[in-house]
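The values are calculated or read from the model by the stated rules, or taken from the named source; none is laboratory data. Computed from a predicted structure; not experimentally measured. Reconstructed Cβ throughout: ideal geometry from the backbone, glycine too, with neighbour counts over all protein chains shown. We work out accessible area using only protein heavy atoms, side chains counted, and drop any ligands, DNA or RNA first. Shrake-Rupley method; radii C 1.70, N 1.55, O 1.52, S 1.80 Å.
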Amino acid sequence: PEETVTGSFASFIHAARPELLSQTVRQRSKRMILDSIGVGLVGSTTRVFDIALRYCRLYSSVAVSSVYGKPGVKLSPTLAAFTNGVATHSMDFDDTWHPATHPSGAVLPALLAASQMLPPSTKPTGLDFLLAFNVGLEVQGRLMHFSTEAHDIPKRFHPPSVVGTLGSAAATAKLLCLSSAQCCHALGIAASLAGAPMANAATQAKPLHVGNASRLGLEAALLAARGMEANPLILDDIPGCSGFSAFYSVYQPTPLPAPGQRHELLLEKQDIAFKRFPAHLGMHWVVDAALSVRNLFINYAGSFSPSLIRTIVLKIPVSKYINRPFPSSEHQARHSFQFNACAALLDGEVGLGSFSESSIQRQELRELLDKVVVEHPEDNVANFDKMYGEVALLLHSGDVLTGKCDTFYGHWRKPLSKESLLKKFRSNASHVLPEEKIEAIITLVDNLENLTDSSQL
């Protein structure tokens with residue numbers, strides 16, 4: 001029934017029309033699509049992607065869907081969605097929303113795979129694709145807003161593995177034109193396939209969370225299309241019987257507006273954060289703070305001289321899985337406040353090369369890490385909309401230099417310019433594609449709503 005929360009979501013997925021997509025929403029979502037493709041392309045050069053791809057090629061199946069960065073390689077739609085999802089999150093370089101999740105990586109690979117799966121006579125248009133992508137975003141965002149717990153940096157479940165799986169199911173259900181009842185069952189099936197613990201953050205297993213979200217959401221939609229049923233109240237808060245509420249200690253769902261009523265998409269209200277370097281979002285605050293104090297230090301001393309520094313004080317929010325004093329692998333380094341602050345201080349930047357083994361093991365970097373002391377001010381909460389990063393250098397002379405960042409460049413409050421986003425995309429894509437293909441993708445995404453066949457992407 002449409003009066004239920006689950007029923008209202010199913011009706012929204014089924015009935016959503018292109019008129020929902022304002023110019024702002026179209027522009028923001030196309031920026032997300034372009035960035036996500038670039039991140040997936042550079043991610044196809046990583047070891048974790050190679051492991052995932054070799055695993056998927058064990059299976060003999062209908063190979064119709066393309067793989068990031070591997071011309072001529074195709075997999076089944078679900079395995080392509082999985083592999084490309086892994087690529088997207090392999091460097092933790094993908095976009096982030098608030099409440100905290102990585103929305104594009106869970107949805108885009110599933111839509112790309114599904115668009116190639118469909119026969120020529122039923123290929124979705126670019127506008128169909130753009131609408132389905134935004135349906136997937138909206139479902140993720142609405143589910144996150146049902147819990148106050150979800151507003152903070154996560155402690156239990158990795159959000160893309162939870163809301164991303166249902167977002168992928170919703171997006172592909174829309175692209176496949178499922179009925180309202182089938183959309184309802186797709187959400188219920190996806191809920192049984194969702195969830196991954198935060199303990200696997202900073203390991204090679206973390207990218208699997210996004211790969212699984214994309215793949216399993218697509219599988220949920222395909223199963224629903226073939227008649228599989230699930231609990232039609234999966235999103236409702238039913239006393240004594242946990243549905244989606246199992247993932248959150250506080251869960252207060254509300255229905256979406258009925259089809260035909262005014263509905264403003266969440267992407268209209270709040271932009272997305274795009275990362276300038278491949279690391280956990282929290283790192284971007286401390287890096288900008290570290291770069292700020294580094295400039296002060298150079299003005300003070302004439303050059304960056306670590307020997308003049310007695311102590312480095314980091315003022316950061318409490319978050320256990322990104323408080324890593326001495327990371328020993330690239331994935332740990334991407335999730336270490338200490339490492340990213342010291343790398344920025346030492347090199348004046350953080351980039352792809354910062355997370356190589358040789359960079360992580362440098363003696364001069366280790367000596368800086370030895371000087372780090374962490375403090376957790378009460379006003380610095382573990383929330384991507386409210387936190388800040390502060391880096392103070394206590395010098396042997398007794399002087400103190402301080403840099404602070406409360407909104408880094410790329411945050412939704414301070415979005416990347418078009419030029420910066422294109423520069424990031426071109427740089428990422430250039431690792432696997434020639435210039436003419438890179439420019440062709442930019443043109444296709446920029447004109448996505450005018451494509452007659454979205455599988456061209």
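Data overview
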read-out	value
Check on ALA341, at pLDDT 95 or above, over 30 Å from GLU138 (Cβ atoms) and not hydroxyl-bearing (Ser, Thr, Tyr)	yes
PRO99 being within 27 Å of HIS14 (Cα to Cα), in contact with a helix residue (DSSP H, G or I) (Cβ under 7 Å, 6 or more places away or on another chain) and either open to solvent by 10 Å² or more (accessible area, probe 1.4 Å) or outside any helix (DSSP H, G or I) (or both)	yes
Search result, residues across segment 402-457 that are closer than 29 Å to GLY282 by Cα, β-branched (Val, Ile, Thr) and either touching a residue at least 40 places away in the same chain (Cβ under 8 Å) or not in a loop (DSSP other than H, G, I, E, B) (or both)	THR402, VAL432, ILE442, VAL445
Selection count, segment 37-78, where residues are part of a helix (DSSP H, G or I), under 16 Å from ARG215 (Cβ atoms) and under 17 Å from the mean Cα position of the chain (by Cα)	4
Residue count, segment 264-291 (criterion: closer than 30 Å to PHE133 by Cα and open to solvent by less than 40 Å² (accessible area, probe 1.4 Å))	17
Test: residue in segment 16-25 that is of a type in the set (Ser, Thr, Tyr), touching a residue at least 60 places away in the same chain (Cβ under 8 Å), assigned to a loop (DSSP other than H, G, I, E, B) and surrounded by fewer than 24 Cβ atoms within 10 Å (Cβ to Cβ)	yes
Every residue from segment 292-319 that is open to solvent by less than 30 Å² (accessible area, probe 1.4 Å), outside any loop (DSSP other than H, G, I, E, B) and hydroxyl-bearing (Ser, Thr, Tyr)	THR311
Matching option when the condition is in a strand (DSSP E or B) and surrounded by fewer than 14 Cβ atoms within 10 Å (Cβ to Cβ), among VAL373, VAL391	VAL373
Test: LEU256 is within 22 Å of LEU175 (Cβ to Cβ), assigned by the TED database to the domain that holds LEU79, open to solvent by 10 Å² or more (accessible area, probe 1.4 Å) and part of a helix (DSSP H, G or I)	no
For THR45: the one exception among (1) modelled with pLDDT of 95 or more; (2) in contact with a helix residue (DSSP H, G or I) (Cβ under 7 Å, 6 or more places away or on another chain)	(2)
Residue tally, condition open to solvent by 20 Å² or more (accessible area, probe 1.4 Å) and either closer than 14 Å to GLY40 by Cα or outside any helix (DSSP H, G or I) (or both), over segment 103-125	5
Residue match in segment 100-109 (condition: out of contact with any strand residue (DSSP E or B) (no Cβ under 7 Å at 6 or more places or on another chain), over 24 Å from LEU265 (Cα atoms) and at pLDDT below 95)	no
